[in-house]
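For reference, the structure discussed in these notes is given below.
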Amino acid sequence: MSFNYVVRSVGYSLGGAIGGLDLATGTGPGHLFPNDSTYTTAALVGIGAMAITTLTSLALARRRPSETNP
């Protein structure tokens with residue numbers, strides 16, 4: 001298995017677990033569905049994770065020396 005596949009699988013698992021946890025905590029006792037604000041919170045958590053991932057990848061891309069073909 002390639003490293004990319006492993007990292008992607010871990011990311012999917014963590015994202016699903018965090019999203020499910022957020023939606024489960026927003027569901028009140030005796031209710032079938034979460035509150036509307038819980039969906040907003042889940043979206044904001046996802047946006048925050050995406051922003052952190054984007055900034056990290058940009059920082060790592062700048063540190064890598066550019067490779068030129070002779």
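The values are calculated or read from the model by the stated rules, or taken from the named source; none is laboratory data. Keep in mind that this is a model prediction, so the values were computed, not measured. For neighbour counting, all protein chains shown are included, and Cβ atoms are generated from backbone atoms with ideal geometry for every residue, glycine included. Note: accessible area is taken over every heavy atom of the protein model, side chains too, but ligands, DNA and RNA are not part of it. Shrake-Rupley method; radii C 1.70, N 1.55, O 1.52, S 1.80 Å.
All conditions but one from (1) surrounded by 10 or more Cβ atoms within 10 Å (Cβ to Cβ); (2) outside any helix (DSSP H, G or I) apply to P29; the one that does not is (1). Taking the criterion of being open to solvent by 70 Å² or more (accessible area, probe 1.4 Å), more than 13 Å from the chain's Cα centre (by Cα) and at pLDDT below 90, the residues of segment 37-70 that qualify are L60, R62, R63, R64, P65, S66, E67, T68, N69, P70. Close Cβ contacts (under 6 Å, 6 or more residues apart or on different chains) running from residues in segment 1-28 that are touching a residue at least 24 places away in the same chain (Cβ under 8 Å) to residues that are part of a helix (DSSP H, G or I) and surrounded by 10 or more Cβ atoms within 10 Å (Cβ to Cβ) comprise G19/A42.
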